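Here's the structure we're looking at; comments come further down.
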Amino acid sequence: MEIEIKEILSKKILTEAKGYLDVGFTHSLNPYSGCAFSCLYCYVREMPIRRFKDISWGEWLDIKTNAAENYRKEIIKLRKKMNPVNIFMSSATDPYQPIERKAEITKGILEEMIENPPDFLQIQTRGPLITRDIDLILKLKEKCDVVVSMTVETDREDIKQIFAPYAPGIKLRIKALKEVHDAGISTQASISPVLPFTPDFPKALDGVVDHIWIDTLSIGDGALGKRSERLGMPNLFEQHGLTRWYEKNLHVKVEKYFYKYFPNEMIRVSKNDAFPK
């Protein structure tokens, strides 16, 4: 799939946290606009950022070349107010896009954060490229609380191919998460959204994560499942004989299943809990 890539200058890089992020986060930070991973279930496909473009979601990517500079200016200004700064990176893109290997926008932001740290940073990604920045994250960890959260919707590569064919492989993500965890950085597996998995899924995460986040298409798309419905998710599940995995109370069943393998305090569910505490 070809992607139209542009370099842009963004007016701001920190956005006040609202909606599902208004649970302790003060700001979101998106180093890019658009996303090359183009997951079919992505709720951003139903947000204004998508509708402003004539090109389909997943076929365009804007590189915010001044992201680190903007962050420095904005965090210094925020610090004058003496309020906590808890950042979620990223809410409408992935900070470890394939182009990040060359563009190094996220890397530049992390370097700037070491000089001007927030109080809390959650890095939300599905990109194994994050292992490149382990040394930077360890330096930042000395200045503030950091959690690396890797999206791992399933342990089945065949299921990933149906719903997110352009995203990195599941085994690669878990391997990267283990490397981050072994380096001494707090980690989370974000099963978001829950896709069909094997009974051995919990075992694949054992010793790899400190927290597990459970989210579904019915409770986690920011519109109580309406965005997912508009994206055709019920039909896609039905086409592949997976309808039972689209139940409204799926999160309850998955939560109970993972409780068999992990302490209760390790597991958090979208409907009633979130980072940071």
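Every number here is computed from the coordinates shown, using simple stated rules; none is lab data. Computed from a predicted structure; not experimentally measured. Every residue, glycine among them, receives a Cβ derived from its backbone with ideal geometry; neighbour counts consider all protein chains shown.
Rounded to two decimals, what is the ratio between the C-alpha radius of gyration of the stretch 4-269 and 2.2 N^0.38 Å?
Working: Rg = 17.9 Å, N = 266, 2.2 N^0.38 = 18.4 Å.
In units of the globular-protein estimate, the stretch 4-269 measures up at 0.98.
Students often get this wrong, so check it: of 73/102; 102/160; 18/81; 73/171; 11/102, which have C-alpha atoms separated by over 30 Å? Write down the numbers at each step before the final one.
Details: 73/102 24 Å; 102/160 26 Å; 18/81 19 Å; 73/171 38 Å; 11/102 23 Å.
Check vs 30 Å cut-off fails for 73/171.
When 182, 206 are ordered from fewest to most other Cβ atoms inside 10 Å of their Cβ, what list results?
Placing the least packed residue first, the sequence is 206, 182.
Cα axis of helix 67-79 to longest principal axis of the chain: angle in degrees, 0 to 90, nearest 10?
Once rounded, one gets 80 degrees.
Where q = 0.15, 0.19 Å⁻¹, what log10 of I(q)/I(0) comes from the Debye formula for the stretch 132-194, counting one point per Cα?
Per q value, in the given order, log10 I(q)/I(0) is -0.50, -0.72.
Could you work out how far apart the two model spin labels at residue 111 and residue 158 are, taking each label as a point 7 Å from the Cα in the direction of the beta carbon, and quote it in nm?
Distance between label points: 4.5 nm.
What is the distance, in nm, between label points placed 7 Å from the Cα along the Cα-to-Cβ direction at residue 182 and at residue 104?
2.6 nm
Which of 102, 248 has the fewest other C-beta atoms within 10 Å, and how do the rest follow up to the most?
With the fewest neighbours first, 102, 248 line up as 102, 248.
If only Cα atoms are counted, what is the Rg of the stretch 197-271, and what is its Dmax, in Å?
13.5, 37
Calculated FRET efficiency, residue 230 and residue 198, Cβ-Cβ r, R0 35 Å, to nearest 0.05?
0.75
I need the calculated FRET efficiency for the pair residue 2 and residue 259, taking r as the beta carbon distance and R₀ as 45 Å, to the nearest 0.05.
0.50
Counting other beta carbons within 10 Å of each Cβ, put 32, 71 in order, fewest first. Don't skip to the end; give the middle numbers.
Details: 32 26, 71 23.
The order, fewest Cβ neighbours first, is 71, 32.
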